[in-house]
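Working notes, beginning with the structure itself.
The values are calculated or read from the model by the stated rules, or taken from the named source; none is laboratory data. Please read these numbers as outputs of a predicted model, since none were measured by experiment. Note that we place each Cβ from the backbone using ideal geometry, even for glycine, and neighbour counts take in every protein chain shown. Just the protein is used for accessible areas: all its heavy atoms, side chains included, with ligands, DNA and RNA removed. Shrake-Rupley method; radii C 1.70, N 1.55, O 1.52, S 1.80 Å.
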Amino acid sequence: MRVTFQFVSLLLITLLLLRYSSNHSGELLFKQALALFDERPYERSYEKPDEKPHSQANKQSNKQVNKHTSKTASEIVSKSASEIPNDTQSQHAHYLLYVSASQGHIGAATMLLEEAQAQYAASQSLYWHKELATLAEKTLMTNAEGPLARQQNPTSATLESSAVSTVNSVLADAAFNYALNLPGKGLKRYWLGVASKLSHAPASFELALLLSDSGVSNDKTRLSLLKKAGEQGHVQALRTLASYYFNRLDASTVAAFLQRDRLASNTRAYSELENALYWLEKAASFDGASAFTLAGMYWEAEKPEHAMKYYRIAEAANHALAAEYVKVISEYNIVPLEHLFGANRNSANTCLQTLQFVANDLHSVAQARRFKQLFEQDARFSNLPICVNDIAWLSSTELQCKTAQQSHRIDCDLRPLANMLEAPQFTHLIVFAEQGRAYVQRGVMYLDRQDEYSVFVHELAHFAHFVDEYALSPAFAQQQCRLADAPNLLIAQANQSLDKQKLAYWNELSGELSAANTLEISKSRTCENAAVTSYKPSADITFLEHHDTHYIPAIYLDLWHQELRKDGAKTAVAQEFMHLAIQNQSSSAIQHWQTQLKRSSQLMPALESAQSTSP
């Protein structure tokens, strides 16, 4: 195996040391080693510095090499390759490298390090990392501007910047790797600091993390190290800085981004905003999360072209949501409230329940679009007569939502919808808001950005009057457990006897599902706070107790279907709008919704008849 040294870094180091070293001892030994390697092919066998050649024939050569440290360089290199026996030539070259490295030659030490790494010699790799790290330390102590060769000849001409950078890179990398192999945090911090001062980006980043883990409270130092690594293009440092500065922005500062030109340049808000944009833009080219965050900022600032640019960058980086946002921006536009009223687009008899998804921002529209797709693909609901209209993207002025302070529920002003004196194109409304607790009130469901699809399914069951199977609050438990009209709720009477009529109904449905199927009932937690015993038609935990179980028993789906046939299934949202009209004391709206409720109740028998004859 013939070794050729074509690495640019090694050549630069060699040329650098040849030209500017005032003490050529290590360099001459290094040149002689290279000559020996090039004159004859050889298989290099790595020997530890303290190990001697094993063969008897090599003893004489070994004695000569052991004297190298006491001879001058000119005496050593005067021995030509032809004077050295073939079987000892590679060993002689190797020892020349070792002696050269021991005299501080960076190229020789680097070669020995690479050789040790190639042969997976961990202890020797660590040894040469340490030697090079020590040279890095000397470089910093003598002259922070240049490598060791420059220090040896301070009167020489200015070194080529690329050569200086290459040498410093080799030394810094050695110091960094040596630090990573050290167990103690104190020494690790020291050697990472040496590498960092030689502009080693990974060392700067690791040192910043180490200072944080060590309990060092100097945030300014850590931030300076992260910025140093970030400016050198360190990926993790850029991600960290982008996230750090974005999270420092408060809501008012982000809102002020819309009026960025009006922010005084000497204010803290302006500075924070500039820092966030600077690091996000740097990280966006390779980090999908940063590109996605930046796109969101530009969207909020009503700069759709910039937003789309960074959403596409995030999409190219395989960000999970970016492709969805690109499609939403391309496919949807803000529509007026009138879009939700008038002729029903889902007037087919098969739709006993029609859902209308509404949202007032990009993030919520994307979430609504995702839930609509999931629902339409969900095999569990394939036999339920539930339809979903196209998503309506409303303006934030027509759909205003906030989070209630005490209950933390989503609180949206639906009065503009209640004032629309037209027939709604839906029976139930699902509002996607920014933040707040999910719940159902009459014909309206409220969800926030954090809610998963399973939460939507759980709340959707409440539209069919199912009750939660976890312990209800005392007040709500008293109400639900007194009425006991939920399809999945059976109450034990004072004498512990069960409602025979509902139990028979459950048994009938269970038998219809399968001749071999037997009804299993078990206690539910629903009425724990009402001091009564309640039962459910399932022996297992269902989606009504823990939404993320995703388990909907077959009998629940049959009960669901039966509930959709009942009077009131198509009047839920009209009841909510009627409630709002009464609150507003709007006589015209009250009269309109009274008419809608009466008309819906008259239509129900015909709809049920048509549904019962369908296959």
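General remarks:
- Taking the average, over residues, of other Cβ atoms within 10 Å as the packing measure, peptides 171-177, 197-203 rank 171-177, 197-203 from highest down.
- Residues ILE582 and ALA379, FRET efficiency given R0 of 25 Å [Cβ-Cβ distance, rounded to 0.05]: 0.05
- Of all accessible heavy-atom area on the stretch 388-522, the percent that carbon and sulfur account for (1.4 Å): 45
- Modelled FRET efficiency - R0 41 Å, GLN501 with GLN591, Cβ distances, 0.05 increments: 0.55
- Compared with the direct C-alpha span, the chain from ALA118 to GLN232 gains 38.2 nm at full extension, assuming 0.36 nm per residue.
- Taking the Cα centre of the stretch 468-549 as reference, the dipole from Cβ charges on Lys and Arg (+1) and Asp and Glu (-1) amounts to some 320 debye.
- Highest to lowest packing among 373-386, 273-286, scored as the average C-beta count within 10 Å: 273-286, 373-386
- DSSP bridge pairs, the stretch 421-568: antiparallel proportion in percent, nearest 5: 65
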